[in-house]
1. Go through (1) surrounded by fewer than 16 Cβ atoms within 10 Å (Cβ to Cβ); (2) touching a strand residue (DSSP E or B) at 6+ places or on another chain (Cβ under 7 Å) and name the single condition residue 137 misses.
2. Filter the range 72-92 for residues that are out of contact with any Gly (no Cβ under 7 Å at 6 or more places or on another chain) and not polar (S, T, N, Q); which is surrounded by the fewest Cβ atoms within 10 Å (Cβ to Cβ)?
3. Here is a list: 23, 48. Which entry is touching a strand residue (DSSP E or B) at 6+ places or on another chain (Cβ under 8 Å), at pLDDT 95 or above, within 24 Å of residue 113 (Cβ to Cβ) and among the polar types (S, T, N, Q)?
4. Exactly one condition in (1) at pLDDT 95 or above; (2) crowded, with 17+ Cβ neighbours inside 10 Å is not met by residue 105; state its number.
5. Given 212, 206, which one is farther than 30 Å from residue 95 by Cα and modelled with pLDDT under 95?
6. Of all residues being small (Gly, Ala, Ser) and under 18 Å from residue 129 (Cα atoms) in the range 149-164, which is surrounded by the fewest Cβ atoms within 10 Å (Cβ to Cβ)? Just the residue, please.
7. Of the residues 247, 229, which single one is buried (at least 17 other Cβ atoms within 10 Å of the Cβ), assigned by TED's automatic domain parsing to the domain that holds residue 170 and part of a loop (DSSP other than H, G, I, E, B)?
8. Looking only at the range 177-191, how many residues end up being surrounded by fewer than 20 Cβ atoms within 10 Å (Cβ to Cβ) and within 30 Å of residue 136 (Cα to Cα)?
Amino acid sequence: METVGLVGVGKIGLPIAENLIKSGYRVVGYRRSSLAAFEKIGGIAARSPAEIGAQADVVFSCLPSSQALEDVVQGPNGLVTSARAGQIIVELGSHPVPDKQRHVAPLAAKGASFLDGEVSGTPGMVLARRAVIYLAGEKEACAKAERLVGGFADSCLYFGAFGAASRVKLVNNLLVAINIAATAEAMALGLKAGVDVDLMIKAIATGSGGSTQFGIRAPWMAQRRFLPAQGTVPALQHYFDMIGEFADGVGVATPMLDRAVELYDKFMDMGFGEKDAAAMVDVIGALARSKA
C-alpha cells in the first residue's frame, strides 16, 4: 500500500485525506490541533511534518498562512529536515507567490521538488471529487504528483512555471467573490418578487445566467441555510489583498471586485463572520435602494 503524506488536515485537507484513503492509499497526516477526525476515517497520525516526510515520497500540504508554511517546511521539525532526492512536496494552500517560491531552493538542495498547487472548490466539492486541482512548477514532478492527485480529485490541470497555479487561483477567486455577491443580489430580488423560487433557481442555474456559485448557494439563500459554513467570508477575504497586488502588478482595474469588497466588509460588520458566504443575501436585503 503506497503512503501519501498530508500536512494540514483541516476543512480542505480532511476531505482530501478521505478520498485518498477510499482510493486505497495509506495516508499519514499532521496538524497542530486534533487529528481525531482524521484518525476516525483511517488516517495515521504523525508527530511532525518531518515524520511524514520520512515515510512518503509525495507530500501534500494545505496550510492557512505563509507563516504556517514556513514552519512546516523550514521549521525545526520541518519537511526540509527529512527531504531527499526524488521527493515531491506540493503546497495546495493559497499564499503570495514569493512566500511559496522561497521554499523551492532549500528543498532542491536536498534533491526534492516543491510545487505550486491550488484547490478550486469548496470542502463539499473536494469530498465529491468535483474540485479542480491546479499544479505548476517542474513539469516531470507535476506529472508524478498528478497520479496521486487522481486519488482525491477527478480534474487536475498543469499550468507551467512555478507561480502560475497561484495566479490562476486568484483569477478564479475574483470571480467567486463577484459571483457570490451577484447571486445574493439576484436572490434578494427574486425572493421579493413573489415568484416560485425553487423553479426560478432551476431556470437560472440551467440557463444563461447561471454560475457555479449560483448553483451552490442560491438554494442555501432561499432556505436561509448559512450553517455549517462551506465557505466563510474571512476565508475569501484572505485573497483580496493578493488579488489587488496581482492586478496592480499587471495594470488591470478591478471595479467589480472593488465594489464586492465593500459588501464583504459590510458582511463582517453585520456580525456574519461565522456564517457561510450565502448570508450575503441578508447584506443585500438590508441595503436601501439607491439609483446613485
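1. Of (1) surrounded by fewer than 16 Cβ atoms within 10 Å (Cβ to Cβ); (2) touching a strand residue (DSSP E or B) at 6+ places or on another chain (Cβ under 7 Å), only one is false for residue 137: (1).
2. 76
3. Result: 48 is the single residue among 23, 48 that is touching a strand residue (DSSP E or B) at 6+ places or on another chain (Cβ under 8 Å), at pLDDT 95 or above, within 24 Å of residue 113 (Cβ to Cβ) and among the polar types (S, T, N, Q).
4. Result: residue 105 fails condition (2) only.
5. After applying the criteria, what remains is 206.
6. Among those residues, the one meeting the criterion is 155.
7. 229
8. 2
The values are calculated or read from the model by the stated rules, or taken from the named source; none is laboratory data. These numbers were taken from a predicted model, which means no experiment stands behind them. Don't worry about glycine lacking a Cβ; one is built from the backbone with ideal geometry, like all the others, and counts go over all protein chains shown.
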